[in-house]
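Reviewing the structure listed below.
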Amino acid sequence: MCYLPFWLPVYWFTLSYFTHLYYKTLGYSTLMAGIVISLQYVATFLTRGWSGTLIDKYGPRLSVYISMGCLALSGVLLYLTYLSRSQAFFSLLILIIARLVTGCGEGFIGASLLTGRCLLQEKNRPLR
């Protein structure tokens, strides 16, 4: 329930804007738009295992720092994508990198939040 207010504006509006950017502004097909959007989820899937290993060794804090760095870099790359929209191929290349970096950030933050919740549950569990 708490995730819904974050998900709706960020993901839904962002994906609708990206589809418009790929299809209308850059002139790529909707298939290419779907491929580029899907890259984020592939990157998230691939980084979850690495994130779990880092969390096991160093705790969830490092994973959160890496995630915040990735998401900040993604924001800068998305802005560069917007600025370079007149050059379709260059804009698409930056956008692909931005989606991959966003996926990495989501992979790290998702695993660290789950681990942090499990640690809190273990700490607050009554002794038997």
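Read the figures in this text as sums done on the coordinates, not as results from a lab. Only a predicted model underlies this, so the values are computations on that prediction, with no experimental measurement involved. Neighbour counts run over all protein chains shown; Cβ positions are idealised from the backbone, glycine included.
What distance in nm lies between label points placed 7 Å from Cα along the C-beta direction at Leu73 and Ile97?
1.0
How long is the gain from Ala88 to Ser29 if the chain were fully straight, where each residue apart is worth 0.36 nm and the alpha carbon distance is subtracted?
Result for the pair: 20.0 nm of gain on full extension.
Can you check what the net charge comes to around Ala43, using other residues whose Cβ is under 9 Å from the Cβ of Ala43 (Lys, Arg +1; Asp, Glu -1)?
0
Note down the net charge around Glu106, summing +1 for each Lys or Arg and -1 for each Asp or Glu among other residues with Cβ under 11 Å from its Cβ.
Net charge in that neighbourhood comes out at +2.
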